[in-house]
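Data block below; observations after.
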Amino acid sequence: MQPFTVEEINAILDAIDPSFAPLVLCAVSTGLRLGELLGLQWQDIDYGKRQIRVRRTYWRGRDYVPKTPRSRREVDVGDQLLGVLGGLARARFGGEPPVPAAPVFLSQRGHHVNLGVFRERVWMPALGQAGISYRKPYALRHTFATLLLAQGQSIPYVSAQLGHSSPTMTLNVYAKFLPQERRESPAKFEAQLHGRGNPAVSLNAR
């Protein structure tokens, strides 16, 4: 598992075919699996709550119900992604509201995205142009998770966003990416005890 750095993500977004940039941005901003991204419909975007609802996954020409109850989830999203998706809707539907059950992400010809074609003709050339060693698109999901952990988000929250079966699974997968404890924490802890005039601290210090 090798997540991308923020610099690498920006380089990929600069290099990739512009018609697929919203897909990549959504992937790294939500941690959705590729099948979940391709199953995303306009009715699943809640601009008011600033969330994306994961209700289905698309695989080999069909929509499927997510494999576990926790996979059916609401993922928090930011204003940048919502703005990009709103722009995509305006470009596709003009001034009319999006068709609720229409897929959000389509190929350049207006069809469902073929994952094999996407990897070979879009993803791999973008990585090459950006000078980044090959990683599967799934690395975008790992990037999302590790960035949340670096921000100090809790394991249960990250687990819920990813749709993992349990926080334990999330911890097992991403434990090595947790921020390391600062070495000065013991000194700060002792300073707090001493500052309160703890008699045990004074007795032990003699």
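The values are calculated or read from the model by the stated rules, or taken from the named source; none is laboratory data. None of the values given here were measured: they were computed from a predicted structure. Ideal geometry is used to build each Cβ from the backbone, glycine not excepted, and the neighbour counts take in all protein chains shown.
When the range 1-37 is filtered for residues that are under 20 Å from Arg121 (Cβ atoms), modelled with pLDDT of 95 or more and in contact with a strand residue (DSSP E or B) (Cβ under 9 Å, 6 or more places away or on another chain), the ones remaining, listed by number, are Cys26, Leu37.
So for the range 76-89 (the condition being among the charged types (D, E, K, R) and closer than 23 Å to Ser107 by Cα), does at least one residue qualify?
Looking for residues that are among the charged types (D, E, K, R) and closer than 23 Å to Ser107 by Cα, one finds none in the range 76-89, hence no.
Tally the residues that are closer than 18 Å to Gly48 by Cα and out of contact with any Ser or Thr (no Cβ under 7 Å at 6 or more places or on another chain), restricting the search to the range 79-98.
Restricting attention to the range 79-98, the residues satisfying the condition of being closer than 18 Å to Gly48 by Cα are 79-90, 97-98.
Narrowing further to those that are out of contact with any Ser or Thr (no Cβ under 7 Å at 6 or more places or on another chain): 79-80, 82-90, 97-98.
Number satisfying all stated conditions: 13.
Among the residues of this structure, Gly31 counts as one that is in contact (Cβ under 8 Å) with a residue 24 or more places away in the chain, on the phi > 0 side of the Ramachandran plot and within 15 Å of the chain's Cα centre (by Cα).
One residue alone among Val84, Val24, Val99, Val113 is surrounded by 13 or more Cβ atoms within 10 Å (Cβ to Cβ), β-branched (Val, Ile, Thr), more than 15 Å from the chain's Cα centre (by Cα) and assigned to a helix (DSSP H, G or I), and that residue is Val84. All of Arg73, Arg55 fail the test of being in contact (Cβ under 8 Å) with a residue 12 or more places away in the chain, farther than 16 Å from Arg141 by Cα and among the basic types (Lys, Arg), apart from Arg55. Scanning the range 49-81 for residues that are loosely packed, with under 12 Cβ neighbours inside 10 Å, of a type outside the set (Asp, Glu) and either at pLDDT 95 or above or under 16 Å from Cys26 (Cα atoms) (or both) yields Lys49, Gly78, Gln80. When Arg135, Arg109 are screened for being of a type in the set (D, E, K, R) and closer than 30 Å to Ala175 by Cα, only Arg135 passes. Testing Leu127 on (1) within 17 Å of Thr30 (Cα to Cα); (2) at pLDDT 95 or above; (3) buried (at least 18 other Cβ atoms within 10 Å of the Cβ), one condition comes back false. Which one is that? All conditions pass for Leu127, except number (1).
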